[in-house]
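The values are calculated or read from the model by the stated rules, or taken from the named source; none is laboratory data. Here the structure is a predicted model, which means the values were calculated and not measured. Here the Cβ positions follow ideal geometry from the backbone for every residue, glycine too, while neighbour counts run over all protein chains shown.
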Amino acid sequence: MNVKYIFKAALFGLKINKSRSFLTILGIVIGISSIILIMSIGQSGESLILSQVETMGSNFVQVNPGKQIKGPQDMIDTLFADSIKDRELKALQNKNNVPDLMDITPSLIVPGNISYQGDTYKPTIIGWTADWVGKLFDVYPEEGEFFTDDDIKSLSSVAIIGSEVKDEMFASGRVIGEKIKIKDKLFKIIGVLPPSGQISMFSLDKMVIIPYTTAQKYLLGIDYYQELHLRAKDEEAVPKMIEDIKITLRDLHGIDSPEDDDFSITAQSDMIDRIKLITNVLTILLTSVAAISLVVGGVGIMNIMLVSVTERTREIGLRKAIGATSKNILVQFLIESIILTVLGGAVGIVLGISFSYLASLVLVRIVGASWDFIISLPAIFLGLGVAGFVGLIFGLYPAKQAAQKSPMEALRYE
Amino acid sequence: MSLIRVENLEKIYNDGETKTPALCGVSFDIESGEFVAIMGPSGSGKSTLLHILGFLDESTGGNYFFDNKTIKEYSLTEIAGIRNKKMGFVFQSFNLLPRTTVLENVKLPLIYSEIKESLWEEMALKAIEQVGLLSRKDYETSQLSGGEKQRVAIARALVNDPQVIFADEPTGNLDSKSGQVVMSLIQKLNNQGHTIILITHETYTAESAKRIIKLKDGKIESDKLVLNSHFVDEEFIK
């Protein structure tokens, strides 16, 4: 039997019940379109986060106290890790120890609100060196200026605020020189950053930047640093710099074996790997959930094909009487289910792409212009493949039922 | 040996507990080119006999030789091939595909054959011409009258030029005029050399055959040649 007529026979069956065929494929349509949507958003999200990590520069390295997190116990230990203090900072700043280091800053996050004349606001309060924002993100105050190394040495109560903080707290008028309260202590505003949106993992607009010494000793009352942020002089120098940091810190802490390290070092490339891992796991997880709807859709196909086989018993009997083999009938009904699911898959892909596009329009407004609309080509092929496979699997049983019908019984069927 | 030889054929339907005998030892020969009517009241086993002869069902006892071989000696694919090439079926209820044109319906047996696709159209049109429906070839079957539907079914049965045509009460659902048209077509096919096995319970229809086998309670009551088989007026075919 030639292929063209197998398809013709299968299409004949679908044509007879157009609206039913359409309803039958809905499950597949929904399943495939959600897979496409999830994979597209997953990819766009990943590329967004990655592009943000990349804005920190490929020469960015982060040092945290506590050992490399490998299990739950390590995570708890890290919360109380205090192995990075001023002594370590000084040692790393020493050009003899780490010759490739270009810049370094401690980084401390201070939880809490700020208040001004009775209004409160919840920004991200962060302690850094004077011009870290300028060095890392190339952002400079539009009003006022950065604090200085003297401010750091003297634990000055000065702050630089992001544009949103300014808009929320100060309706109009002078901002520079005004005093805001952080944890009941007064800070003088000496600079305002221009609106810059989401850069890297930070929203500078919602930030209050203060000298790291002030944050550490005056506000948090601790003697260690939560994080050190470093920049190598270029990307190629990163591996050597990491080695130098390790040697310096191990030397300082009297550590012999790398397993006993009480610090962890993360390069930008490590962060990228970690982010990729997280987004991939999330995408796989969500896709599996969507895949369940494909199984439901498949059962729907099987159900309707069984109805169709029963309804068309006489047609099957006739086809057998005029020379169709059981295999001919099997193939006809199998192709019918595969056409159904692949059709559903195709509609699902078109819908999925449309939904992804709409989602990208919405997300651009939420997270900013950096959200890209990415169509995942593998997702499209995967979608079509899975749809066809679902048709094959769930079509097999009804098709077998059809093929096994005795022609005489089938012709007598009322 | 004859084209069809039936020896002591038995068929018992086994429906769990109850056994219903439908054929109890039926024997006859049918030569190539014969026109045989199998008659009998309902329940006499005539449909069962036709199904066995048409390889649509198997007997539970006795032997049936078609072309010198029993059904057991053919593989399932060979049986499908025989139904396709050597047998044609005409049913009481037409069994045409709905929402499909006359031409497509008549082509249907060809798609299961090994005949080249380029020849299908010509063969189908020839068969449609033989039943006088060329002007209706692009009509959907639902647009046809009962008599026309049965003529399409006959065209479908003869498109592969089969040796035997099995007709199961072909006039049962038709008015007498349409029935006569159908019967005259069947007679014409017999004159062209096709073996015809006709099932009917109407004496008048049976008498257009050359031989009548009467069944009763699964046994042959009589097997006689028709001396004055009447020819149906060809004027009905238009």
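Across the range A:325-362, the number of residues qualifying as within 14 Å of chain B (Cβ to nearest Cβ) and touching a residue at least 24 places away in the same chain (Cβ under 8 Å) comes to 8. Within the range A:1-44, being touching a residue at least 12 places away in the same chain (Cβ under 8 Å), more than 16 Å from A:L343 (Cβ to Cβ) and not aliphatic (A, V, I, L, M) holds for A:S34, A:S40, A:G42, A:Q43, A:S44. Candidates B:S47, B:S42, B:S59: the one that is in contact (Cβ under 8 Å) with a residue 24 or more places away in the chain, under 21 Å from the mean Cα position of the chain (by Cα), within 14 Å of chain A (Cβ to nearest Cβ) and in a helix (DSSP H, G or I) is B:S47. The single condition among (1) more than 23 Å from B:K188 (Cβ to Cβ); (2) hydrophobic (A, V, I, L, M, F, W, C); (3) surrounded by 15 or more Cβ atoms within 10 Å (Cβ to Cβ) that B:L76 does not meet is (3).
Pick from A:Q62, A:Q73, A:Q68: which is away from chain B (no Cβ under 14 Å), assigned to a helix (DSSP H, G or I) and either over 30 Å from A:Y357 (Cα atoms) or at pLDDT below 85 (or both)? Quick ask: steps written out before the conclusion?
Working: A:Q62 fails: assigned to a helix (DSSP H, G or I); A:Q68 fails: assigned to a helix (DSSP H, G or I).
Among A:Q62, A:Q73, A:Q68, only A:Q73 is away from chain B (no Cβ under 14 Å), assigned to a helix (DSSP H, G or I) and either over 30 Å from A:Y357 (Cα atoms) or at pLDDT below 85 (or both).
Looking only at the range A:393-400, decide whether some residue is under 15 Å from A:M39 (Cα atoms), touching a residue at least 24 places away in the same chain (Cβ under 8 Å) and either among the aromatic types (F, W, Y) or in contact with a Ser or Thr (Cβ under 7 Å, 6 or more places away or on another chain) (or both).
Residues of the range A:393-400 under 15 Å from A:M39 (Cα atoms): none.
No, there is no match, as no residue in the range A:393-400 is under 15 Å from A:M39 (Cα atoms), touching a residue at least 24 places away in the same chain (Cβ under 8 Å) and either among the aromatic types (F, W, Y) or in contact with a Ser or Thr (Cβ under 7 Å, 6 or more places away or on another chain) (or both).
One residue alone among A:V192, A:V238 is in contact with a Ser or Thr (Cβ under 8 Å, 6 or more places away or on another chain), over 27 Å from A:A81 (Cα atoms) and in the same structural domain as A:V61 (by TED's automatic domain parsing), and that residue is A:V192.
Do we have A:N97 as closer than 24 Å to A:F263 by Cα and surrounded by fewer than 19 Cβ atoms within 10 Å (Cβ to Cβ) here?
Yes; evaluated as a whole, the condition is true for this residue.
Going by the conditions given, is A:L377 crowded, with 22+ Cβ neighbours inside 10 Å and not hydroxyl-bearing (S, T, Y)? Answer is no for this residue. Can you tell me which residue in the range A:195-254 is farthest from A:K179 (Cα to Cα), limited to those that are among the β-branched types (V, I, T) and outside any helix (DSSP H, G or I)? So the residue we want is A:I199. The single condition among (1) in contact (Cβ under 8 Å) with a residue 40 or more places away in the chain; (2) within 11 Å of chain A (Cβ to nearest Cβ); (3) within 20 Å of B:P21 (Cβ to Cβ); (4) not hydroxyl-bearing (S, T, Y) that B:K85 does not meet is (3). Here is the figure for the range A:12-37: residues that are among the aromatic types (F, W, Y) and farther than 18 Å from A:Q332 by Cα total 1. Of all residues being surrounded by fewer than 19 Cβ atoms within 10 Å (Cβ to Cβ), part of a helix (DSSP H, G or I) and within 14 Å of another protein chain (Cβ to nearest Cβ) in the range A:13-33, which is farthest from the chain's Cα centre (by Cα)? Just the residue, please. It comes out as A:I16. Take the conditions under 27 Å from A:P111 (Cβ atoms), at pLDDT below 90 and touching a strand residue (DSSP E or B) at 6+ places or on another chain (Cβ under 8 Å) and apply them to A:D205. Does it pass? No: the conditions fail for A:D205.
Please work out if A:G221 is out of contact with any strand residue (DSSP E or B) (no Cβ under 6 Å at 6 or more places or on another chain), within 19 Å of A:D86 (Cβ to Cβ) and without any contact (Cβ under 8 Å) to a residue 24 or more places away in the chain. Against the criterion (out of contact with any strand residue (DSSP E or B) (no Cβ under 6 Å at 6 or more places or on another chain), within 19 Å of A:D86 (Cβ to Cβ) and without any contact (Cβ under 8 Å) to a residue 24 or more places away in the chain), A:G221 qualifies.
Going through (1) at pLDDT 90 or above; (2) within 11 Å of chain A (Cβ to nearest Cβ) one by one, B:G147 falls short only on (2).
Rundown of residues vs (1) within 25 Å of A:G297 (Cβ to Cβ); (2) assigned to a helix (DSSP H, G or I); (3) of a type outside the set (G, A, S), yes/no style:
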site	(1), (2), (3)
A:I366	no, yes, yes
A:W371	no, no, yes
A:I374	no, no, yes
A:I380	yes, yes, yes
A:G385	yes, yes, no
A:V390	yes, yes, yes
A:F394	yes, yes, yes
A:M408	no, yes, yes
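On the basis of being more than 30 Å from A:A324 (Cβ to Cβ) and away from every other protein chain (no Cβ under 14 Å), does A:I36 make the cut? Yes: the conditions hold for A:I36. The condition of being more than 14 Å from chain A (Cβ to nearest Cβ) and over 17 Å from B:M87 (Cα atoms) does not hold for B:E104. Scanning the range B:142-154 for residues that are in a helix (DSSP H, G or I) and either of a type in the set (F, W, Y) or more than 15 Å from B:F91 (Cα to Cα) (or both) yields a count of 2.
If a residue has to be within 25 Å of the chain's Cα centre (by Cα) and free of Cβ contacts under 8 Å to residues at least 60 places away in the same chain to count, how many in the range A:79-110 make the cut? Number satisfying all stated conditions: 1.
Tell me which residues, restricted to the range B:180-202, are farther than 18 Å from B:P41 by Cβ, within 15 Å of the chain's Cα centre (by Cα) and either modelled with pLDDT under 90 or assigned to a helix (DSSP H, G or I) (or both).
Within the range B:180-202, the first condition is being farther than 18 Å from B:P41 by Cβ, and the residues that meet it are B:180-197.
Applying the additional criterion that residues be within 15 Å of the chain's Cα centre (by Cα) yields B:182-190, B:193-197.
Listed by number, the residues that qualify are B:V182, B:M183, B:S184, B:L185, B:I186, B:Q187, B:K188, B:L189, B:N190.
Looking only at residues in the range B:65-79 that are under 16 Å from B:M1 (Cβ atoms) and of a type in the set (D, E), the one that is nearest to the other protein chains (Cβ to nearest Cβ) is B:D67.
Do we find that B:N95 is in contact (Cβ under 8 Å) with a residue 24 or more places away in the chain, facing another protein chain (nearest Cβ under 10 Å) and either assigned to a loop (DSSP other than H, G, I, E, B) or over 21 Å from A:R412 (Cα atoms) (or both) in this structure? Let's see the steps before the verdict.
Details: in contact (Cβ under 8 Å) with a residue 24 or more places away in the chain: yes; facing another protein chain (nearest Cβ under 10 Å): yes; either assigned to a loop (DSSP other than H, G, I, E, B) or over 21 Å from A:R412 (Cα atoms) (or both): yes.
Considered against the rule, which asks whether it is in contact (Cβ under 8 Å) with a residue 24 or more places away in the chain, facing another protein chain (nearest Cβ under 10 Å) and either assigned to a loop (DSSP other than H, G, I, E, B) or over 21 Å from A:R412 (Cα atoms) (or both), B:N95 comes out as yes.
Counting the residues of the range B:107-122 that are over 23 Å from A:K15 (Cα atoms), hydroxyl-bearing (S, T, Y) and facing chain A (nearest Cβ under 10 Å) gives 1.
Selection of strands (runs of 3 or more DSSP E) fully inside the range A:78-156 by the criterion of at least 3 residues being under 30 Å from A:S172 (Cβ atoms) returns A:114-116, A:119-121, A:124-128.
Based on this model, can you work out whether A:D100 counts as at pLDDT 90 or above, in the same structural domain as A:V238 (by TED's automatic domain parsing) and within 18 Å of A:M56 (Cβ to Cβ)? When the stated conditions are applied, A:D100 passes them.
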